[in-house]
Ligand SMILES: *Cc1c(COP(=O)(O)O)cnc(C)c1O
């Protein structure tokens, strides 16, 4: 038996327990989102949970698709492409997961690219991705635009401008002061649609720091809307991860990107 087979066996053996745990975590995170919505007088239907699957086995992604949860996020193109192919094949050939009931038909994945994106990966990404959260340069937006034309995609590509609201030096994302000018230029590209803005708060337990970043993103969003720089598709705030998604929802997030709170063993 190869190492690969070994890994597969172990992953399969894990599944029934894992399935229960993920179902519990999914419910817990959704309840927390609903509570945050109630606190801030928002409609929970306005907030899309994206399950960030970058650290888990493909079987785990299939398990959450079987729960009817379609929105999944990856930070690397290669992984997304491979996993998408494996999942699609399993769905097509009706290969059931061990421990899954026959009526558990998985939904098709809706992929979100959330990690830093290199221009030479765009071509592989575009045919499968629904939202790209991490656009932070005009050159990248232009590459997406020309590649979309070359591939003859039916719809515009939904992109987010990533903003470095915490102004940490090492972080990706546009400087706060550069967002409006960038949005104006990207809006001239016929094959992309700016769906919204995205940010990452610093890794910290300090909720006020996170809140500041999210409030800042929301301000920029309102400014751009006020100046009518972007079209009607401009309506999303992608912000909040496991450490801070509740704060993000209170500050107006319409998409939260949650990984470890769904997939790691821990009490929340
Ligand atoms: C990994 C990642 C997440 C999810 O992080 P967790 O702390 O596991 O919830 C969200 N957004 C981005 C951009 C990521 O890379």
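Arrange the following residues from fewest to most other Cβ atoms within 10 Å of their Cβ: 220, 91, 159.
Numbers: 220 21, 91 16, 159 26.
Neighbour counts put them in this order, fewest first: 91, 220, 159.
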#### Entry: For segment 148-204 and segment 78-142, distance of Cα centres in Å
20
### Task
Please determine, in degrees from 0 to 90 and to the nearest 10, the orientation of helix 138-151 with respect to the longest principal axis defined by the Cα atoms of the chain, where the helix direction is its Cα long axis.
60
#### Entry: Degrees between helix 207-226 axis and first principal axis of the chain (Cα, 0 to 90, nearest 10)
60
### Query
Using the Cα atoms as the points, what is the convex hull volume per residue of segment 116-177 in Å³?
83
### Message
Which of rounded, prolate or oblate describes segment 93-244 when judged by the alpha-carbon gyration tensor and an a/c cut-off of 1.5?
### Response
oblate
### Query
If you count the DSSP beta bridges with both ends in segment 142-222, what percent of them are antiparallel, to the nearest 5?
0
### Query
Helix 77-92 versus the longest principal axis of the chain: what is the Cα-based angle in degrees, 0 to 90, to the nearest 10?
50
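Going by C-beta contacts inside 10 Å, put 67, 234 in order with the fewest on the left.
Values: 67 16, 234 20.
With the fewest neighbours first, 67, 234 line up as 67, 234.
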#### Entry: Anisotropy class of segment 177-268 from Cα gyration tensor, a/c 1.5 cut
prolate
### Query
Going by a ≥ b ≥ c, the root eigenvalues of the Cα gyration tensor, does the chain fall in the rounded group (a/c under 1.5), the prolate group (a/b larger than b/c) or the oblate group?
oblate
## Note on the structure
GNM on the chain, Cα springs under 10 Å; top mean-square fluctuation among 201, 38, 180 goes to 38
### Task
With 10 Å bins from zero, work out the P(r) of segment 8-113 over every alpha carbon pair and list the percent per bin.
14, 44, 31, 10, 1
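Quick note: the coordinates plus some simple rules give every number you see, no bench work behind them. Everything quoted here is computed from the prediction, not taken from an experiment. Here the Cβ is made from the backbone with ideal geometry for all residues, glycine too, and neighbour counts use every protein chain on show.
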